[in-house]
Structures are given as structure tokens and as C-alpha cells.
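Visitor: Sharing a structure below in C-alpha cells format, with a few things to ask.
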Amino acid sequence: MDICKTFENASKCSVNGTPMECFMVLSTQAQKISIATLCGLFGTLCIFENSVVLYLIFSSPGTRRKPSYIFISSLALADLLASIIFVSSFVNFHVLNGTDSSKELFLLKLGGVNTSFTASLSSLLLTALDRYVSISRPSEYKLLVTRKRAWAALGVLWAMCVTTASLPILGWNCCTLNSTCSELFPFVDDNYLSSWVCLVMALLGCIVYAYAHVLWRAHQHVAYMGKHQAQVGKQNSRMRMDVMLAKTLVMVLTVLVLCWSPVLILMIYSIFTKLTDHLRKVFAFCSTLCLLNSMVNPIIYALRSKELFSSLRAVFFRFKRRLRGTDDSPEGDSAHKSSVAETVCEDDVHVT
């Protein structure tokens, strides 16, 4: 593998030659089977879960009109695209050792992965800001966060993600600029990788800040309610909801940090020093954690919502009824009515 460490920038731009093969770091059949299994498992579950979330949101007039669910639908769409594009490209390259016919085609696929994962994180940020506004300025929430503003924010978000991901194919790559190439991605300029890492870290920092504020406000409310035990009923119920919200937020931040930290740390490390083959293999396995994050997102952000869970129950009972060929199911009707009757207040607790 010495040739992989000494080739010049001009040879790095080869597609079918040895330099491209240097990025195919999985050297044993066991490693390839492991990656294929992880991608197959996470990818299949991710596609199924996010497809279900999109169906539940857009099949109900009540949910598809709420800004909170508009943001969650964007998250589900981004994660769905991420799972399809990432799994197909990653398995083809690292497991099947397939090379594309041109640099442009490879960068187009990489841009698709980049767009979907960046859009996923950006949607998480909008969801976090939505929760931030709902708990910071509850009386003004409906005036500040409207459907029109929600769709406008998503338009800006996706436009930014597509533009950022398109820069390498538009010319910001090490072949066109004859600059230093990344050791992790073929054709990718180190300066572009640095900029993308900074963008992702800024998104993660804003998400953590927003949720930390929500968590702090929930903690304040629990402490306040603890000092006023005499006032029961609604207040005790609200305190239980705040505790539930706090637990959910801790789960959100833990999953986010665990899934993205290894990849970002290795990307930053690769910018400043040469990576060994072992570290590049570690990076390949750590990349599947981003896919894991896309798989877990629907469970944390969508299916913990009472409204969507009730809709899911209604769909399940309708499907069960069709299989049995029976008449209307009272359980399904009850679940559907429960779904329609959910309030924005409940969304603030169960959709984080």
C-alpha cells in the first residue's frame, strides 16, 4: 500500500487506477460482510420508519398543518434520502469495490449523501428552535411559528444544503484546483472538508444550546413545582410532563453526540495529519453511526408523539381489519379520534 501514500495530486484524480482503490480500505471479507450487514439492517429500518412517519404526517390534516410536524417531515425526508443514497453508494464502493465512470458521477453521489445528512441535521436544528420558542415564549408561539414561516425556513434550509453539497462538483475539488486532497474522500479538497465540518459543528452546537435551554427551563419548572406541593392536580400533571420532556431531551442529545462525534473527530484529525489504514477502516465503520442516527430519529422525534402514535395505532387496526375482512374496529376508530383530539400542548411535551 506504499503507492497509496506517495501518489501526486494528478494521479489522485484517476477513477479506475490504483489511487481510487486506495480509498477502498476494507481488506478482508469479514470487514465487508460486517459493513454490508450494518448498512442493510440500518438502511432497511431507516427507510421503513421514515416512510411510515411521512405517511402518518401527511395522511392526517391535523398533523400536516402544524409547524412542528412540518419540521419533523423534513427530518424524515432527509433521513429517508440519506439511507437510500448512503447505503447504495457506500456498499457499492467499499463492499463491491465499484468505481464510477467519471469524477463528476462520484461527486454527484457524494453530493447526494452530503445534502441528505446536512439537511437531516438542519431539520433537527429547526425542530430544536421550534421547541426553544415554544418553551421560551409560549404565549407568542402561534404568532411566531406559522405554517408559512415553517415552509419558508425549510425552503432556505434545503437550498443551502443543496448549494453546499454542489460546490465540489462545481469546481471546489482537489483535481480542478490542484490542491491537497482529503485522505478520506476521493476528489474532495481538504479546505472544503474543513468548511463542511465547521458547518456541521455549528449546527450541532446550536442544537445542543437550544435543547440545553429547554432542559434548563424544564428543570426550573420541576424545582418550582417541588416547592409548591400544596398545588396539586394540573400542576403535578405538568411536572410529570416536564420530567418526561427532560428525559427525552437527554436521549436526543446523547444519541446525537454519540453518532456524530467519532466521524467528525476523524475528519478533523485527517485534515492535520496522515491517517493510517487502520484509522481509515475505523472511519468507514463509524460512518454507519450517522445512518444509525437517521434510523433512531423517527423513534425519538416522531413516534414518541402521542398524536402520531395514535395515528399509527389507527393504521395498524385498519390493516388488521382488512386482513380479517371484518367490519369497523372500535379500537381503530377510538385511536383515530384520539389522534385528532391531540393538542399543541401535548406536542410540546412528546415531540422534542
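The values are calculated or read from the model by the stated rules, or taken from the named source; none is laboratory data. No experiment lies behind these values; they were computed from the predicted model shown. All Cβ positions, even for glycine, are placed from backbone atoms using ideal geometry, and neighbour counts span all protein chains on display. For accessibility, only protein heavy atoms count, side chains too; no ligands or nucleic acids. Shrake-Rupley method; radii C 1.70, N 1.55, O 1.52, S 1.80 Å.
Visitor: Between GLN31 and TYR209, what FRET efficiency comes out of the Förster formula 1/(1 + (r/R0)^6) with R0 = 45 Å and r the beta carbon distance, rounded to 0.05?
Guide: Computed FRET efficiency for TYR209 and GLN31 comes out at 0.75.
Visitor: How big is the Cα convex hull of region 96-202 in projection, averaged over all directions, in nm²?
Guide: 8.4
Visitor: Taking 45 Å as R0, compute the FRET efficiency from the Cβ-Cβ separation of ILE84 and HIS219 and round it to 0.05.
Guide: 0.70
Visitor: What distance in nm separates the two pseudo spin-label positions at MET251 and LEU108, each 7 Å out from Cα along the beta-carbon direction?
Guide: Distance between the two pseudo-spin positions: 4.1 nm.
Visitor: Once you have the Cα-Cα distance between GLU21 and ARG318, take 0.36 nm times their residue separation minus that, and quote the gain in nm to one decimal.
Guide: Additional length available on full extension: 101.8 nm.
Visitor: Under a crude label model (7 Å from the Cα following the beta-carbon direction), how far is SER59 from THR273 in nanometres?
Guide: Calculated label separation equals 5.3 nm.
Visitor: For region 161-202, what does the accessible surface come to per residue with a 1.4 Å probe? Please give it in Å².
Guide: So region 161-202 comes to 41 Å² accessible per residue, rounded to a whole number.
Visitor: Something else: Given N residues in region 107-164, what is its alpha carbon radius of gyration divided by 2.2 N^0.38 Å?
Guide: That ratio works out to 1.34.
Visitor: Against the 2.2 N^0.38 Å scaling, with N counting residues, where does region 28-134 land? I'd like the Cα-based Rg ratio to two decimal places.
Guide: Normalised Cα radius of gyration, region 28-134: 1.27.
Visitor: Quick one: if the Förster radius is 51 Å, what FRET efficiency do LEU143 and LEU41 give, using the C-beta to C-beta distance and rounding to 0.05?
Guide: Result of the calculation: an efficiency of 0.70.
Visitor: Okay, moving on. Can you give the accessible area per residue of region 25-116, in Å², using a 1.4 Å probe?
Guide: 41
Visitor: Taking the Cα of LEU170, stepping 7 Å toward and past its beta carbon, and measuring to each backbone N in region 93-125: which are under 15 Å?
Guide: So the set is 108, 111-112, 115.
Visitor: Return the whole-Å distance between the Cα centroid of region 79-109 and the Cα centroid of region 245-307.
Guide: 20
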